[in-house]
Amino acid sequence: MNSLKDFLEEKYFQYNQPGFIPNDPISIPHKYSKKEDIEITGFFAAILAWGQRKTIINKCNELFGLMDNAPHDFLIHHQESDLKPFLNFKHRTFNATDTLYFIHFLAWYYQTHSSLEEAFLIGQTNQDDAMENMLIRFHDFFFSFADAPSRTRKHIATPARKAACKRINMFLRWMVRKDNKGVDFGIWQKIQPAQLICPCDLHVDRVARKLGLIQRKQTDWLTALELTNRLREFDPSDPVKYDFALFGLGIEEKF
């Protein structure tokens, strides 16, 4: 266990540095300095994060170009006619219907809230295991409008459907984790790093299994919990920092 921890620590320091940013979707929110813009672009970038990283980055640049690269201002002040260009936006199965609903919800939300963190606090209990309830409540809140398209629900994962919730967990890592490495933002204060769940994507899942950190056969919410609980043995206050190590080993070193 000690040698595995040392190995993961070494890889965490290797990959958690500014050189990681340009080729990763986290580069999108790093283009902005306004807190709301970081949240909005980070949220979209995480939700759109499947497929080739270069393609994800290009599609995000396209999307925010339609918002004049000022997403918060656009959401607050846009007119109905400003939405027409979004009818042609598509990434994989995320289409115009999904895009327009996301804009609709976020525009409504930011009229009365200063941070998206508050939307995740609906299920907050200040317990290390509170994240399951927080993600379920966030999903339900996000789709609380009567006209929410049923097809769009698949783009916000929830433990209620047994999903590993890798994209939402990645977004939360970006917003919550605090260190001096310059990659994660750490701009949210009420959700703590100890509460985060490791984003269990294809690369992380594969490497974690090779290292014996996952025994569960399928990849679902319980798998994400199993992996995170193992990582808590190495660092209880910041277990998800090892996402850098596992992801880096998987995508950069083909471990």
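Would you confirm, using the coordinates I've provided, whether residue 95 is surrounded by 13 or more Cβ atoms within 10 Å (Cβ to Cβ), modelled with pLDDT of 95 or more and on the phi > 0 side of the Ramachandran plot?
no
Considering each of 37, 82 in turn, give the residue that is under 21 Å from residue 170 (Cβ atoms) and at pLDDT 95 or above.
37
Scanning the range 49-60 for residues that are buried (at least 21 other Cβ atoms within 10 Å of the Cβ) and of a type in the set (A, V, I, L, M), which turns out nearest to the chain's Cα centre (by Cα)?
Top of the filtered list is 49.
State all residues of the range 190-204 that are open to solvent by less than 40 Å² (accessible area, probe 1.4 Å) and in contact (Cβ under 8 Å) with a residue 40 or more places away in the chain; if no residue qualifies, say none.
Those that are open to solvent by less than 40 Å² (accessible area, probe 1.4 Å) and in contact (Cβ under 8 Å) with a residue 40 or more places away in the chain: 191, 193, 194, 195, 196, 197, 198, 199, 201, 204.
With respect to the numbered conditions (1) more than 28 Å from residue 52 (Cβ to Cβ); (2) not in a loop (DSSP other than H, G, I, E, B), which one is the sole condition not fulfilled by residue 191?
(2)
Looking at residue 149 and the list (1) touching a Phe, Trp or Tyr at 6+ places or on another chain (Cβ under 6 Å); (2) surrounded by 17 or more Cβ atoms within 10 Å (Cβ to Cβ), which single condition is not satisfied?
Against the list (1) touching a Phe, Trp or Tyr at 6+ places or on another chain (Cβ under 6 Å); (2) surrounded by 17 or more Cβ atoms within 10 Å (Cβ to Cβ), residue 149 comes up short only on (2).
Among the listed residues 7, 43, identify the single one that is open to solvent by less than 20 Å² (accessible area, probe 1.4 Å) and either assigned to a loop (DSSP other than H, G, I, E, B) or not aliphatic (A, V, I, L, M) (or both).
Exactly one of 7, 43 is open to solvent by less than 20 Å² (accessible area, probe 1.4 Å) and either assigned to a loop (DSSP other than H, G, I, E, B) or not aliphatic (A, V, I, L, M) (or both), namely 43.
Among what's in the range 116-139 and is without any contact (Cβ under 8 Å) to a residue 12 or more places away in the chain and surrounded by 14 or more Cβ atoms within 10 Å (Cβ to Cβ), pick the residue that is farthest from residue 35 (Cα to Cα).
Looking at the filtered set, the residue picked out is 133.
Looking for whichever is within 20 Å of residue 51 (Cα to Cα) and part of a loop (DSSP other than H, G, I, E, B) here; the options are 236, 199. Which one fits?
Unique residue meeting the criteria: 199.
Filter the range 10-40 down to residues that are small (Gly, Ala, Ser) and either under 19 Å from residue 248 (Cα atoms) or touching a residue at least 24 places away in the same chain (Cβ under 8 Å) (or both) and give me whichever is least open to solvent (accessible area, probe 1.4 Å).
Selected residue: 27.
Being within 25 Å of residue 51 (Cβ to Cβ), touching a residue at least 40 places away in the same chain (Cβ under 8 Å) and either open to solvent by 20 Å² or more (accessible area, probe 1.4 Å) or assigned to a helix (DSSP H, G or I) (or both): is that true of residue 208 here?
Judged against the criteria, residue 208 is not a match.
Quickly run through the range 236-251 and pick out the residues that are under 19 Å from residue 175 (Cα atoms) and either open to solvent by less than 30 Å² (accessible area, probe 1.4 Å) or basic (Lys, Arg) (or both).
Listed by number, the residues that qualify are 238, 239, 240, 241, 242, 243, 244, 245, 247.
Answer yes or no as to whether residue 63 is open to solvent by less than 20 Å² (accessible area, probe 1.4 Å) and either assigned to a helix (DSSP H, G or I) or not basic (Lys, Arg) (or both).
Yes: the conditions hold for residue 63.
Within the bounds of the range 91-98, is there any residue that is in contact (Cβ under 8 Å) with a residue 60 or more places away in the chain, more than 23 Å from residue 196 (Cβ to Cβ) and touching a helix residue (DSSP H, G or I) at 6+ places or on another chain (Cβ under 7 Å)?
Checked against the condition, which is being in contact (Cβ under 8 Å) with a residue 60 or more places away in the chain, more than 23 Å from residue 196 (Cβ to Cβ) and touching a helix residue (DSSP H, G or I) at 6+ places or on another chain (Cβ under 7 Å), the range 91-98 yields at least one hit.
Does the range 107-115 include one or more residues that are open to solvent by 70 Å² or more (accessible area, probe 1.4 Å), in a loop (DSSP other than H, G, I, E, B), closer than 29 Å to residue 204 by Cα and touching a residue at least 12 places away in the same chain (Cβ under 8 Å)?
Checking the range 107-115: not a single residue is open to solvent by 70 Å² or more (accessible area, probe 1.4 Å), in a loop (DSSP other than H, G, I, E, B), closer than 29 Å to residue 204 by Cα and touching a residue at least 12 places away in the same chain (Cβ under 8 Å).
The values are calculated or read from the model by the stated rules, or taken from the named source; none is laboratory data. It should be emphasised that the depicted structure is a prediction, and the values quoted were computed from it without experimental measurement. No Cβ is skipped: glycine too gets one built from the backbone with ideal geometry, and neighbour counts run over all protein chains shown. All accessible areas refer to the heavy atoms of the entire protein, side chains included, with ligands and DNA or RNA removed. Shrake-Rupley method; radii C 1.70, N 1.55, O 1.52, S 1.80 Å.
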